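As structure tokens, the structure follows; a few thoughts come after it.
The values are calculated or read from the model by the stated rules, or taken from the named source; none is laboratory data. Everything numeric here is computed off the predicted structure, so don't read it as measured data. Here Cβ is always computed from backbone atoms with ideal geometry, including for glycine, and neighbour counts include all displayed protein chains.
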Amino acid sequence: MRWIKFPIELLLFVIISSQLVHAASFVPTNDQQILETLPDDSPPPRYLSAADFVSKTDASNLEDTGQLLERAYLQGDPRALGQARAQLDQTTDQSTETLMLKARALQSDHKFTEAKALLQQILSQDPAHPDALLTLSSLLVAQGQFTEALSYCEKLDDPTLRVYQLACSAQIQSMTGQLTPVKQTLSGLAAVAPGLDPSTARWIYLIQADAALRSQDATLSKQVFEAMDDQTVPALMARADWLLSIGQYEQVRELLQDHTDKDALLLRLIEAQMKLGDPKAKQNLALMKERIEVWQIRQENAHMREQASYALLANQVDDALKLAQENWQQQRETADIVLYATAALKANSKKDIEIVRQFIADTQFEYPALERALCLGKISDCLHCQASHEQNASQMARTANSPTDTSGEQTQNKDESL
């Protein structure tokens, strides 16, 4: 069902939209200077002149615009995102499909209010529109408005959309006090995922990865990362987050060392390098600082998460807290909640710690390791390390008790390759 792909791509795009790669702070002095050498697999130029651009956008090629947005999401390519926005700016078409694409472009700029207004416009004309229902639910999840988000999932009552309704609901339920029981639903969805379109399958796997991270479930994480690709930015982010959470810093460095052009991945690489005492961490931290300076020059406000993360890595605790507070007003996904809690704890801000704790109490947001850190008043950069060490110790004990059985050792080695 091609028409349902647009919201699924947006559900994923919400997670990554603010983490697209931006150029470093280099200002050319003449038209002949090379700004960047594009990758070998870059698509050919779409427009050779302004007139060519206008003539093509007049055709209102919605499929082409959708593909550009998908490329921007999967590969962290801001050029594709810029082309998609330009196409949408030129069109006068007001069809439902165009409004859906405009909503996606708006949310990529964190203009959630405007995006939701367009989606509500669609739903006012067609209350059962599946694309708009899924998209609006995803935006509300990103803002931590879980109850309202779930209400839109439940409006997907078409039997042919059962998979989407289940996945939409399961994502929210796993975040709001039903993490353990909903894993069975997620396992069932993952079992059928290979037969679905790639966008839907990726969405299901990312929901599972988030559930595995928050529940410290090594078995589930192993299953997810064996099934999910490891080449797209969202998949790499999810895999790196799990490895960082259990202290596997060398694996993170190996996984991300060739991805310094992606802001979200660069920040995770820096964290791993700092833990390992890698001298390249300083160089990459400076690179990230240059990119932030560009955002500040452009007065862009869609990068609060990245700026706060950088400030924490640079040990700028007060700045980190301020930026995390600003980001909290925009996004409240798992990464944002952890970020705000970390900044609050490092700054010893009781007011902000209480805000996070109250949010968890009100929404029943489930992340046991984070809740423990908030109760203790301190946070470890490796939330799950203790659980990881205990699991490894248990595996070693089983191996020692069964010297002729090597399955435990094989399992441990396989886990390490994730």
Exercise. Within the range 333-355, is even one residue in contact with a strand residue (DSSP E or B) (Cβ under 7 Å, 6 or more places away or on another chain), at pLDDT 50 or above, of a type in the set (A, V, I, L, M) and assigned to a helix (DSSP H, G or I)?
Worked result: yes
Exercise. Taking the range 111-168 as the region of interest, how many residues are closer than 28 Å to Val356 by Cα and among the charged types (D, E, K, R)?
Worked result: 5
Exercise. Only one of (1) modelled with pLDDT of 95 or more; (2) surrounded by fewer than 23 Cβ atoms within 10 Å (Cβ to Cβ); (3) over 20 Å from Ala238 (Cβ atoms) is not met by Asp157, so which one is it?
Worked result: (1)
Exercise. For the subset of the range 75-89 comprising residues that are surrounded by fewer than 21 Cβ atoms within 10 Å (Cβ to Cβ) and at pLDDT below 70, which member is nearest to Leu236 (Cα to Cα)?
Worked result: Gln75
Seminar exercise, completed: Exactly one of Thr185, Thr135, Thr200 is β-branched (Val, Ile, Thr), farther than 22 Å from Gln329 by Cα and either modelled with pLDDT under 95 or buried (at least 21 other Cβ atoms within 10 Å of the Cβ) (or both), and that one is Thr200
For this session: Go through the residues of the range 285-304 one by one and say whether even a single one is under 28 Å from Asp258 (Cβ atoms), within 18 Å of the chain's Cα centre (by Cα) and part of a helix (DSSP H, G or I).
Result: yes
For this session: Starting from residues that are in contact with a Phe, Trp or Tyr (Cβ under 8 Å, 6 or more places away or on another chain) and either closer than 20 Å to Ser199 by Cβ or aromatic (Phe, Trp, Tyr) (or both), keep the ones in the range 239-254 and report whichever is surrounded by the most Cβ atoms within 10 Å (Cβ to Cβ).
Result: Trp242
Exercise. Which residues, taken from the range 295-329, are surrounded by fewer than 17 Cβ atoms within 10 Å (Cβ to Cβ), touching a His at 6+ places or on another chain (Cβ under 9 Å) and within 23 Å of Gly144 (Cα to Cα)?
Worked result: Glu300, Asn301
For this session: Please work out which one of (1) among the polar types (S, T, N, Q); (2) touching a residue at least 12 places away in the same chain (Cβ under 8 Å); (3) more than 18 Å from Leu206 (Cα to Cα) is the condition Ser124 fails and give its number.
Result: (2)
